[in-house]
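Bear in mind these aren't lab numbers, they're just calculated from the coordinates by the rules spelled out. What you are looking at is a predicted structure, and each value in this text was computed from that prediction instead of being measured. Note that we place each Cβ from the backbone using ideal geometry, even for glycine, and neighbour counts take in every protein chain shown.
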Amino acid sequence: MSYLSFSNTIPSQTVSLTEDLFRLMRTYIYERTGIFFADNKKYLLESRVNRRLSALGIGSFEEYYRALMNGFGSTELALLINSITINETFFFRNEPQFATIENHILPQLIMRRRQEGINRIRLWSAAASSGEEPYTLALIIKEKFQARFPAFKFEIVGTDINTQVLDVAKRGIYKEYSVRNIPAEYMQKYFKHEGDKYSLSEEVKKLVEYRQLNLFDKASMRLMRDFDVVIAANVLIYFDYNSKESVVSSVYNSLNKGGYFFVGYSETLYGVSQALKPVHFEKAIAYRKE
Ligand SMILES: C[S@@+](CC[C@H](N)C(=O)[O-])C[C@H]1O[C@@H](n2cnc3c(N)ncnc32)[C@H](O)[C@@H]1O
């Protein structure tokens, strides 16, 4: 079924989601993304999917769900995912974590790599949202490491399941909210301020490569290899225990031996992975692949 076959009338009122359809919709989403809507998050799913119903001119969840089941198409799945993810982020969000990467992790990894005769460090922001997190890494690398280690190649990859936020990331133009934590010296050097917009310079943007990637998709995750640092911050909270475990074991395989995994400030891998060992730095915890 194509969505051209739906009526063009845009429902002006919020359509309500029955318990039965809530369960069906959340299973559909969970099986494809690992994102789990607990019972107390029904209102969230209802309001987010209502946006899709309005956009398509569909009058009920039942009709929408039936269409999804009848091969509505992968395009709609992508749009549904775009509408349900929470993309909150900003530059230097977890400042102590970035300070740890700058002052401890990168110097240590560079030294080790040099001893091994490898001139490359790979970093991955695995739930990059609109780019503030991978670009924070890029700012640190540009300012503190590139000139000091000219022989080194620093590769930063930013991935997210949501295609819409990745488009914002590629543009690299932000509002005050996103840039409010950026130290002044970075702002002056690497941003152009015009009206209410802050544009990141090309020299920083080009350090990050963006790709759409579903962390829950084992096949795609197998292609992500050879990383020294992975940040999957503020994303595991949307998963249940099983999907969290699956994602963490995939990330484990993506890391090089001696590489580090970071999660969000209020997240932990305690009880999720025994293979990754917590390392306590002064201000942050990292998980190391032994
Ligand atoms: C709250 S944002 C976190 C952004 C950034 N890491 C930070 O901490 O500021 C969570 C991001 O995870 C992404 N996400 C959710 N489920 C995902 C999945 N299965 N695969 C990849 N990304 C996912 C969302 O699209 C969203 O952009």
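Here is a yes/no grid of residues against (1) among the charged types (D, E, K, R); (2) farther than 19 Å from residue 178 by Cα:
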position	(1), (2)
90	no, no
93	yes, no
96	no, no
104	no, yes
112	yes, yes
120	yes, yes
137	no, no
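Of all residues in segment 271-290, which are more than 21 Å from the chain's Cα centre (by Cα) and within 18 Å of residue 240 (Cα to Cα)?
Residues satisfying the conditions are 271, 274.
Could you go through segment 111-124 and let me know if any residue there is in contact with a helix residue (DSSP H, G or I) (Cβ under 7 Å, 6 or more places away or on another chain), within 10 Å of the ligand (Cβ to nearest atom) and at negative phi.
Checked against the condition, which is being in contact with a helix residue (DSSP H, G or I) (Cβ under 7 Å, 6 or more places away or on another chain), within 10 Å of the ligand (Cβ to nearest atom) and at negative phi, segment 111-124 yields no hits at all.
Per-residue answers, yes or no, for (1) more than 12 Å from the ligand (Cβ to nearest atom); (2) hydroxyl-bearing (Ser, Thr, Tyr); (3) in contact with a Pro (Cβ under 9 Å, 6 or more places away or on another chain); (4) closer than 15 Å to residue 130 by Cβ:
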| residue | (1), (2), (3), (4) |
| --- | --- |
| 62 | yes, no, no, no |
| 65 | yes, yes, no, no |
| 69 | yes, no, no, no |
| 79 | yes, no, no, no |
| 89 | no, yes, no, yes |
| 99 | yes, no, no, no |
| 104 | yes, no, no, no |
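So that you can scan it fast, the table gives a plain yes or no per residue for (1) without any contact (Cβ under 8 Å) to a residue 12 or more places away in the chain; (2) out of contact with any strand residue (DSSP E or B) (no Cβ under 7 Å at 6 or more places or on another chain); (3) away from the ligand (no atom under 14 Å from the Cβ):
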residue: 145; (1), (2), (3): no, no, yes
residue: 155; (1), (2), (3): no, no, yes
residue: 168; (1), (2), (3): no, yes, no
residue: 173; (1), (2), (3): no, no, yes
residue: 179; (1), (2), (3): no, no, no
residue: 199; (1), (2), (3): no, no, yes
residue: 203; (1), (2), (3): no, yes, yes
residue: 211; (1), (2), (3): no, no, no
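Going by the conditions given, is residue 255 within 24 Å of residue 138 (Cβ to Cβ), touching an Asp or Glu at 6+ places or on another chain (Cβ under 9 Å) and away from the ligand (no atom under 13 Å from the Cβ)?
yes
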